[in-house]
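Below: the structure, in C-alpha cells.
Read-outs: derived from the displayed coordinates by stated rules, not from any lab. All values derive from a computational prediction rather than experimental measurement. Here Cβ is always computed from backbone atoms with ideal geometry, including for glycine, and neighbour counts include all displayed protein chains.
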Amino acid sequence: GKMSDVKMRLLVAVYLLFGISYVESQVPVLTPSILYVNQGQTGTYNCNVGVKNNHATWFLRQTPGKAPQLILRHHHTYTEPGYGPGISSAHFGSTINAAGTEYLLTVKNTDTQDTDTYYCVKWYDNIGFVFSQSSKLIVTVDKFPEPALLVFPPYTEDNESKDSSTLTCHISKLAVSLVNVNWLKDGTTLQDGVSTSNPVRESDNTFSMSSYLTLSSKDINKDSLYSCMIQQEGSSAFVSKGVKLSQC
C-alpha cells in the first residue's frame with residue numbers, strides 16, 4: 001500500500017544519506033593545503049587517512065605535465081617506509097601516530113628542487129585508491145638566480161597575411177617548475193589569447209618553458225610594448241624586455 005511505499009522511499013533516502021556520507025568520509029586529508037618552507041629547513045605534511053586498515057599510505061609528488069612520482073609508502077606494520085626509485089631516506093621521512101590514522105611526511109633540508117605538488121593516496125576497502133586534494137610545497141629563498149626571458153615577435157609573413165599574430169616568450173633557467181606566466185601590454189596584464197607550455201627539466205636541473213600570446217589583427221597596436229612576466233613560486237617576479245611590433 002501507500003504507507004509501505006513511503007517507508008521504502010524513506011529507507012532508501014536514509015541509506016543513501018548514510019552510505020554517501022560514509023564513502024565521503026573515506027578520503028585522505030593532506031594538510032596544510034599549501035606549505036611554505038625556508039630553504040634548508042624541514043617541511044612537514046600530515047595525511048589523515050581516517051581509518052586503520054591493512055593497506056599502506058602513499059605519498060606522491062607531481063611536476064606539471066609529468067606523471068606522479070612515488071616518494072614513499074608506509075604502514076603501521078612496517079619498520080620503516082618503502083621508498084620510490086631514486087628517493088633518498090636522508091631527505092624524506094615518515095612517521096605514523098599510535099592510532100595508525102595519521103601519516104607524517106617530512107622533507108628535510110629543503111631545496112628549490114622540492115618545490116612541487118604533493119598528494120597522499122590510500123586504498124580503502126570497497127572503494128579502492130583515493131587521492132587527497134593536492135598541496136603545493138613552496139621552498140622560499142631570498143632570491144632565485146635570474147631566469148632568461150626572450151620575447152620573439154611574429155614571423156613577418158604571419159604579420160601581414162593572417163587574421164592573427166602570435167608572439168612567443170621563451171623562458172629558461174627557472175629554479176622551480178611551479179611558475180605563473182602573464183603577458184603585459186604597456187605594463188597592463190592581458191587575459192585573452194595566452195597559452196603556456198608545461199615546464200621541461202633541463203640537464204642542469206633548471207626548467208624551461210614557452211608562452212604564446214595570440215592577437216587578432218584588429219587588437220594589435222604596433223606601437224604598444226608587449227612583454228611577458230613570470231613569477232616563480234617562492235620568489236619575486238621578473239619581467240622580460242618588451243617588443244614593439246612597429247620595430248620588427
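Scanning segment 217-236 for residues that are assigned to a loop (DSSP other than H, G, I, E, B) and under 34 Å from the mean Cα position of the chain (by Cα) gives I220, S224, E233, G234, S235, S236.
Tell me, please, whether a residue that is out of contact with any Ser or Thr (no Cβ under 7 Å at 6 or more places or on another chain), under 30 Å from S135 (Cα atoms) and in a strand (DSSP E or B) can be found in segment 237-244. Yes; the residues of segment 237-244 include at least one that is out of contact with any Ser or Thr (no Cβ under 7 Å at 6 or more places or on another chain), under 30 Å from S135 (Cα atoms) and in a strand (DSSP E or B). Of the residues making up segment 155-174, one or more are in contact with a Cys (Cβ under 8 Å, 6 or more places away or on another chain), farther than 16 Å from Q232 by Cβ and surrounded by 15 or more Cβ atoms within 10 Å (Cβ to Cβ).
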